[in-house]
């Protein structure tokens, strides 16, 4: 659970706007995520979920507004300064983003070689620990082509935690997985949050995953956060957009929702 004694949000977005050409994706987005909590961002296709997530470690920069990590404004940081932000705020991409030419061991070792000066023994021990944390202790010598979709995502997650981040960002972690693997990933997200005391931000359209892992949920529609609250509060919400999303009308327009 979150550390309520800490008044400084782990992640804060204030009046963030982002457009690509003529398409506005985020519009005056306000969001505050507490240290140590698991926050799920729900939304339909094109709602801006992944774009929102990529602002949290500087992969994207807002056209206007501010993004703060642990109280530090990262909006205008240089690329070199953002390296430390990305080390402390690791991201699991939808595909796992593994290097196909590297073994599982070398994939997990990659950020360790890039950012830390470890002995061979220290490196091997750290990789072993990370793979054990995601339930893949015996997979070090495998190549990505030998892995299932769920295993690829778990190796990607092992690589993310190798640098011991304070925050883990998950971009649609269960996309393309069968129900069993989806539940396994959900349990893993919650387990890592509890054991490593990380802040977890999960972008998803998967309601089952969301309700299973989240401390709080935010619903994004048309680039704005229309509602936010605990699992119970969101389940019981009378907000028309929330009700429409929960009954499966994820892509309905606001006019359609209000007239239904």
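In this structure, does residue 217 turn out to be over 17 Å from residue 95 (Cα atoms), touching a residue at least 24 places away in the same chain (Cβ under 8 Å) and either in a helix (DSSP H, G or I) or in contact with a strand residue (DSSP E or B) (Cβ under 7 Å, 6 or more places away or on another chain) (or both)? Considered against the rule, which asks whether it is over 17 Å from residue 95 (Cα atoms), touching a residue at least 24 places away in the same chain (Cβ under 8 Å) and either in a helix (DSSP H, G or I) or in contact with a strand residue (DSSP E or B) (Cβ under 7 Å, 6 or more places away or on another chain) (or both), residue 217 comes out as yes. Across the stretch 159-176, the number of residues qualifying as touching a helix residue (DSSP H, G or I) at 6+ places or on another chain (Cβ under 6 Å), at pLDDT below 90, at negative phi and surrounded by fewer than 20 Cβ atoms within 10 Å (Cβ to Cβ) comes to 0.
Taking the listed residues 242, 231, 203, 198, the one that is buried (at least 16 other Cβ atoms within 10 Å of the Cβ), under 15 Å from residue 31 (Cα atoms), in contact with a helix residue (DSSP H, G or I) (Cβ under 8 Å, 6 or more places away or on another chain) and modelled with pLDDT of 90 or more is 203, with no other qualifying. Report yes if some residue within the stretch 3-20 is more than 26 Å from residue 241 (Cβ to Cβ) and assigned to a strand (DSSP E or B); otherwise report no. Checked the stretch 3-20: no residue is more than 26 Å from residue 241 (Cβ to Cβ) and assigned to a strand (DSSP E or B). Just checking, which of 177, 169 is closer than 22 Å to residue 45 by Cα, in contact (Cβ under 8 Å) with a residue 12 or more places away in the chain, in contact with a strand residue (DSSP E or B) (Cβ under 8 Å, 6 or more places away or on another chain) and outside any helix (DSSP H, G or I)? Selected residue: 169, the only one of 177, 169 that is closer than 22 Å to residue 45 by Cα, in contact (Cβ under 8 Å) with a residue 12 or more places away in the chain, in contact with a strand residue (DSSP E or B) (Cβ under 8 Å, 6 or more places away or on another chain) and outside any helix (DSSP H, G or I). Within the stretch 5-19, being surrounded by fewer than 17 Cβ atoms within 10 Å (Cβ to Cβ) and either at pLDDT below 95 or on the phi > 0 side of the Ramachandran plot (or both) holds for 5, 6, 7, 8, 15.
Residues being out of contact with any strand residue (DSSP E or B) (no Cβ under 8 Å at 6 or more places or on another chain) and either buried (at least 17 other Cβ atoms within 10 Å of the Cβ) or modelled with pLDDT under 90 (or both): count how many of those fall in the stretch 138-158.
First, pick out the residues of the stretch 138-158 that are out of contact with any strand residue (DSSP E or B) (no Cβ under 8 Å at 6 or more places or on another chain): 138-152, 154-155, 158.
Next, only the ones that are either buried (at least 17 other Cβ atoms within 10 Å of the Cβ) or modelled with pLDDT under 90 (or both) stay: 138-140, 144, 147-152, 154-155, 158.
Residues flagged as out of contact with any strand residue (DSSP E or B) (no Cβ under 8 Å at 6 or more places or on another chain) and either buried (at least 17 other Cβ atoms within 10 Å of the Cβ) or modelled with pLDDT under 90 (or both) within the stretch 138-158 amount to 13.
Restricting attention to the stretch 42-56, the residues that are at negative phi, assigned to a loop (DSSP other than H, G, I, E, B) and surrounded by fewer than 23 Cβ atoms within 10 Å (Cβ to Cβ) add up to 2.
Determine, yes or no, whether residue 185 is in contact with a strand residue (DSSP E or B) (Cβ under 6 Å, 6 or more places away or on another chain) and within 29 Å of residue 12 (Cβ to Cβ). In short, no.
The values are calculated or read from the model by the stated rules, or taken from the named source; none is laboratory data. These figures come from a predicted structure and were not determined experimentally. Here Cβ is always computed from backbone atoms with ideal geometry, including for glycine, and neighbour counts include all displayed protein chains.
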